[in-house]
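One structure below.
Derivation of every value follows stated rules applied to the coordinates shown; laboratory data play no part. This structure is a prediction, so every number in the text was calculated from the model and none was measured. Counting neighbours? That spans all protein chains shown, and the Cβs are built from the backbone with ideal geometry, glycine included.
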Amino acid sequence: MRRLGLVWRVALIVIAALVAIQMIAAAAYYVQRGRATEQGFRLPLPDQIAAMVELAERAGNRSLALRVANGPGLRVAIAHTAPPVAEPVERVAWLENAIARYIGDGRMVRAYYIGPARGGESKRRPGLENFSQRPVRLVVPLSDGEFIVAETVDDLTVRVLGLPPGFWAGIIGFLVAALALYAVLRETIPLSRLARSVDRFAEAIEPAPVPVGGAREVRALIGAFNRMQSRIAELVRNRTFMLAAISHDLRTYLTRLRLRVEMMPDPDMRERATRDVEEMSVLLDDALTFARTSFASNRSEQVDLAEIVRHECSERTASDQAIKCDVPATPIHVWGDPAALARMVGNLIDNAVKYGGEAAVALSQAGTEAIMLVDDRGPGVPPAERERIFEPFLRLEASRNRDRGGAGLGLAIARHLVLSLGGTIVVEDRPGGGARFRVALPMIPPYGQLHK
């Protein structure tokens, strides 16, 4: 399940708090009114009209009833005849039903809007009449043939539901909260940019300055990160330059040493010395390659991974190595540097042959990823060592020792190349014994899907 970000967490907290406040305020009002009137939960305006009808008919003092009912938001009068109505009228059926239900004797009640409709109210959707700002006239017949005529002065919603203006101030508070959340979002944008830049820098070790913005503390943090990544990149660049210079100078001495070895009279000694020189040359190549891949970004283009795997397998099969290759005939396209991909595939195959005697390579598609499996029949890798095995210059005592040669950089180079292409690489147990290296690289969708 995807976790919510900081902005959405703040948004949910603010919205939940505002909703809770509004619900508590409304509930407290109705509970207080129900206790005060001893009638329980009733809508204020229909209950007031029903009470006035009862007071006018039972107490007989209609003047007193009018004095009680009339107020700033309601005008009430007793008429001998019902006010004339110019048909058609816009009746408020739900208000008529509420008053009739509260009176309880089945008398006919009329409630309709008076005055001209304001702009847009004539197109109001059904069910929204509760929120009209037009005044309403109520006509309730009395038992002696006269009529109680009441007209609302303020908003129908406030008059009928009895909600105070503070309730609607709370609605405005929602709008203010939305603006506040927008401001929070703007403040968190620099942090999001910083997080993305950290991820990119961790993969490519190339400085990508983040635009400085936001609060003072955030600006200071971004500035410190920009300076830090520049210093780190410079250190890695200097390391690469130093290794390249050392490699160049050592190659000169290795070339001289190789010539002197060829002149040694003892064939056995000459063969051993030649093997040592070749291993030293391979060690230099691996060290320089690791230094370069840990800094320089590889050029990226559309590459057929199936063709690269097929070529690397065939090259080693021609050298009498035990290689099994299961590659589909259809292309599997990924983004990457062809030379880097070939180096990664070759390193994994050579590692399997070196420590397992043979390699079984399989390439397939799984959703939007290309999956390459490289199996060997060696002693395998203990679970506790499966992350450390990708560290540079690391050798596991049980399976990677000096007798097998190498500098311990092949897997480190392969992992860095895979990560730089946005993929993953893990080591697992091979069914039946041995180790299995699983590489997943994002595929390029077909042209038709790419432009959907």
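Counting other C-beta atoms within 10 Å, which of 313, 325 has the fewest, and how do the rest follow?
On the way: 313 22, 325 17.
The most exposed by this proxy come first: 325, 313.
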Inset, instruction - Using only the alpha carbons of region 299-450, determine the length spanned along each of the three principal axes and report them from longest to shortest in whole angstroms. - result: 51, 30, 28
Inset, instruction - Between residue 178 and residue 333, with labels modelled 7 Å along Cα→Cβ, what's the label distance in nm to one decimal, could you check? - result: 4.4
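Suppose a student asked you for the relative contact order of region 216-292, using Cα pairs under 8 Å spaced at least 6 residues apart; what percent would you report? Provide the component values of the computation, followed by the final result.
Numbers: 23 pairs, mean separation 30.2, N = 77.
In percent, rounded to a whole number, it is 39.
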Inset, instruction - Among 389, 13, 78, rank each residue by its count of other Cβ atoms within 10 Å, from fewest to most, as a rough exposure measure. - result: 13, 78, 389
